[in-house]
Amino acid sequence: MHLVIQGKDIATPDLKRIAKLACASSIEQVTPQAFRLRDAQRHDDIPALCATADLDCAYVPETQRLEDFRLLVMDMDSTLITIETIDELADMQGLKPQVAAITAQAMRGEIEYNESLTRRVALLKGLDESAMDRVYHERLQLSPGAERLLSAAREAGLKTLLVSGGFTSITDRLKARLQLDYTRSNTLAVSGGRYTGAVIGDIVNADIKRAELLKVRAEIGATREQVIAIGDGANDLKFMAEAGVSIAYHAKPVVREQATYALNCVGLEGVLPLFA
């Protein structure tokens, strides 16, 4: 195994201390923000040391390469993009605190997702559908490293799937902009140019996200071991469990605990050194 250390500011003394604890045979710089400690051994003190130094650490198989995978599956809100779309829509109704509180409960797994989305969408009733355009153009930002990650995935031959409890008005645009292969998200009902406060069709919850991954995985003939899944909330756990490698991205504790790797300090570009 190799130990990958990543962070925005990696102090040399910290890196050397970690390498010593891991009995690493050598230290290699992979990117300006990532180092690989070769032939590393596990040590109980390393995770705490990295957390104190604002560093991400991950033990990776020596032979793990991006080219060995076939499918990259990602959540959208707070993963591929930095915002929670529905919170920003609610802000235009003056209801962001109320919606954000429900969002946080759902992300922590404290309330059932369908109920949480139904309650939040109901608060959007009467909002002009042009608000979605404003969110996309004025507030949406890709997470740091998103374009770099997706470009590398395409070059390595991976298909990409975006599964989201967000909305088609956003995912459709991101699909075209980022050359994504597949997307699945919710469609908001509109009447007279305003949102009705309802969702059309099945709500894209944890089960639907998992089902969509399985559908695409079968369609492209990939195995579980050939899937990489990235998410941040409790409703991502089911689809992440269907991947050979799961990555918790700036995620809630319940997700970090169950994922293969966790990235808390770097952007999505931090996925790539795990497969270098």
It is to be established whether one or more residues within the stretch 55-65 are touching a residue at least 12 places away in the same chain (Cβ under 8 Å), assigned to a loop (DSSP other than H, G, I, E, B) and surrounded by 21 or more Cβ atoms within 10 Å (Cβ to Cβ).
yes
Would you check which residues across the stretch 31-47 are among the β-branched types (Val, Ile, Thr) and buried (at least 21 other Cβ atoms within 10 Å of the Cβ) and list them?
46
Has the stretch 160-182 got at least one residue that is under 30 Å from residue 223 (Cα atoms), among the aromatic types (Phe, Trp, Tyr) and part of a helix (DSSP H, G or I)?
no
Exactly one condition in (1) without any contact (Cβ under 8 Å) to a residue 40 or more places away in the chain; (2) buried (at least 22 other Cβ atoms within 10 Å of the Cβ); (3) touching a Phe, Trp or Tyr at 6+ places or on another chain (Cβ under 6 Å) is false for residue 3; which is it?
(1)
Exclusive hit being of a type in the set (Val, Ile, Thr), touching a strand residue (DSSP E or B) at 6+ places or on another chain (Cβ under 7 Å) and not in a strand (DSSP E or B), set 199, 204:
204
Yes/no for residue 211 being outside any helix (DSSP H, G or I) and either aliphatic (A, V, I, L, M) or touching a Gly at 6+ places or on another chain (Cβ under 6 Å) (or both):
no
Filter the stretch 238-258 down to the residues that are on the phi < 0 side of the Ramachandran plot, surrounded by fewer than 24 Cβ atoms within 10 Å (Cβ to Cβ) and not in a strand (DSSP E or B) and list them by number.
238, 241, 242, 244, 252, 253, 254, 256, 257, 258
With (1) farther than 18 Å from residue 208 by Cβ; (2) surrounded by fewer than 16 Cβ atoms within 10 Å (Cβ to Cβ); (3) more than 19 Å from the chain's Cα centre (by Cα) as the list, and residue 115 as the residue in question, which single condition is left unmet?
(1)
Here are 139, 134: which of them is surrounded by 16 or more Cβ atoms within 10 Å (Cβ to Cβ) and farther than 25 Å from residue 229 by Cβ?
139
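Matching residues to (1) modelled with pLDDT under 95; (2) of a type in the set (Val, Ile, Thr); (3) out of contact with any Phe, Trp or Tyr (no Cβ under 8 Å at 6 or more places or on another chain):
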| position | (1), (2), (3) |
| --- | --- |
| 144 | no, no, yes |
| 163 | no, yes, no |
| 187 | no, yes, no |
| 207 | no, no, yes |
| 212 | no, no, no |
| 216 | no, yes, no |
| 224 | no, no, yes |
What pairs can you find where one residue is in the stretch 105-116 and over 12 Å from residue 206 (Cβ atoms), the other is modelled with pLDDT under 80, and their Cβ atoms are less than 9 Å apart, with a gap of 6+ or different chains?
115/106
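What number of residues in the stretch 142-195 are within 22 Å of residue 106 (Cβ to Cβ) and of a type outside the set (D, E, K, R)?
Going residue by residue through the stretch 142-195, those that are within 22 Å of residue 106 (Cβ to Cβ) are 143, 161-171, 174, 183-189, 195.
Remaining after also requiring of a type outside the set (D, E, K, R): 143, 161-171, 174, 183, 185-189, 195.
Residues meeting the conditions: 20.
Condition check ((1) under 29 Å from residue 179 (Cβ atoms); (2) at pLDDT 95 or above) across all residues:
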site: 9; (1), (2): no, no
site: 14; (1), (2): no, yes
site: 27; (1), (2): no, yes
site: 34; (1), (2): yes, yes
site: 43; (1), (2): no, yes
site: 46; (1), (2): no, yes
site: 49; (1), (2): no, yes
site: 97; (1), (2): no, no
Which pairs do you get when a residue that is at positive phi, found in the stretch 126-144, comes within reach of a residue that is of a type in the set (S, T, N, Q) and assigned to a loop (DSSP other than H, G, I, E, B), reach meaning Cβ atoms under 7 angstrom, with the pair 6+ apart or on two chains?
none
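Could you check, for the stretch 179-191, whether at least one of its residues is without any contact (Cβ under 8 Å) to a residue 40 or more places away in the chain, polar (S, T, N, Q) and out of contact with any strand residue (DSSP E or B) (no Cβ under 9 Å at 6 or more places or on another chain)? Walk me through it before giving the result.
Start the filter on the stretch 179-191 by keeping residues that are without any contact (Cβ under 8 Å) to a residue 40 or more places away in the chain, which leaves 179-184, 187, 189, 191.
Add one more test, that the residue is polar (S, T, N, Q), and what stays is 179, 183, 187, 191.
Then drop every residue that is not out of contact with any strand residue (DSSP E or B) (no Cβ under 9 Å at 6 or more places or on another chain), which leaves 191.
The answer is yes; a qualifying residue exists.
Do we have any residue at all in the stretch 71-92 that's assigned to a loop (DSSP other than H, G, I, E, B), loosely packed, with under 15 Cβ neighbours inside 10 Å and on the phi > 0 side of the Ramachandran plot? Reasoning before the result, please.
Start the filter on the stretch 71-92 by keeping residues that are assigned to a loop (DSSP other than H, G, I, E, B), which leaves 75-76, 78-80, 82-84, 92.
From what is left, the residues that are loosely packed, with under 15 Cβ neighbours inside 10 Å are none.
No: the stretch 71-92 contains no residue that is assigned to a loop (DSSP other than H, G, I, E, B), loosely packed, with under 15 Cβ neighbours inside 10 Å and on the phi > 0 side of the Ramachandran plot.
The values are calculated or read from the model by the stated rules, or taken from the named source; none is laboratory data. Model, not experiment: these values are computed from the prediction. Note that we place each Cβ from the backbone using ideal geometry, even for glycine, and neighbour counts take in every protein chain shown.
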